[in-house]
Amino acid sequence: MLFEMFREAGIVAKLSLLLALLPLGAGVAYAIRPTESKLALMRPLCLAGLFGALAGTFAGLLNALRFTALNSGATIVSGVPLLGLSEAIVPLFIACGSLTVAWLCVALGIRRQA
């Protein structure tokens, strides 16, 4: 079911998910070999991941609300719009989890560097 949802996701959702995983890779790279340049790169990558996740979430919310407005029989509490709203939250969930692990890796790298 998860892969089916990913296959049906739009380009904005897929890009926001990819962007959310970039800080995780940078955090793991910093944990393996801590350098100041990698640490300096973490901050802008985390901001980009967070803003990308917010953009993906808002794009999903807009699509769910648009579907509800265009289909006269649908209400915001019916099944299809609720499914759309739940899918809209996925990029934000993935980004928050990715950022959590990324910064834990940074903490490990800082500990190793000291």
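Quick note: the coordinates plus some simple rules give every number you see, no bench work behind them. Computed from a prediction, not measured in an experiment: that's the story for all the values here. Cβ placement follows ideal geometry from the backbone for every residue including glycine, while neighbour counts extend to all protein chains displayed.
Only one of the listed residues (LEU18, LEU24, LEU61) is within 20 Å of the chain's Cα centre (by Cα), among the hydrophobic types (A, V, I, L, M, F, W, C) and buried (at least 18 other Cβ atoms within 10 Å of the Cβ). That residue is LEU24. Screening SER98 with (1) more than 12 Å from the chain's Cα centre (by Cα); (2) assigned to a helix (DSSP H, G or I); (3) of a type in the set (Ser, Thr, Tyr) gives one miss only, at (1). Restricting GLY79, GLY49 to residues that are without any contact (Cβ under 8 Å) to a residue 60 or more places away in the chain and either crowded, with 20+ Cβ neighbours inside 10 Å or hydroxyl-bearing (Ser, Thr, Tyr) (or both) narrows the list to GLY49. Residues in segment 6-32 that are within 15 Å of GLY97 (Cβ to Cβ) and touching an Asp or Glu at 6+ places or on another chain (Cβ under 8 Å): 0 in all. Among residues that are more than 24 Å from ALA29 (Cβ to Cβ) and either surrounded by 12 or more Cβ atoms within 10 Å (Cβ to Cβ) or not acidic (Asp, Glu) (or both), LEU99 is not included.
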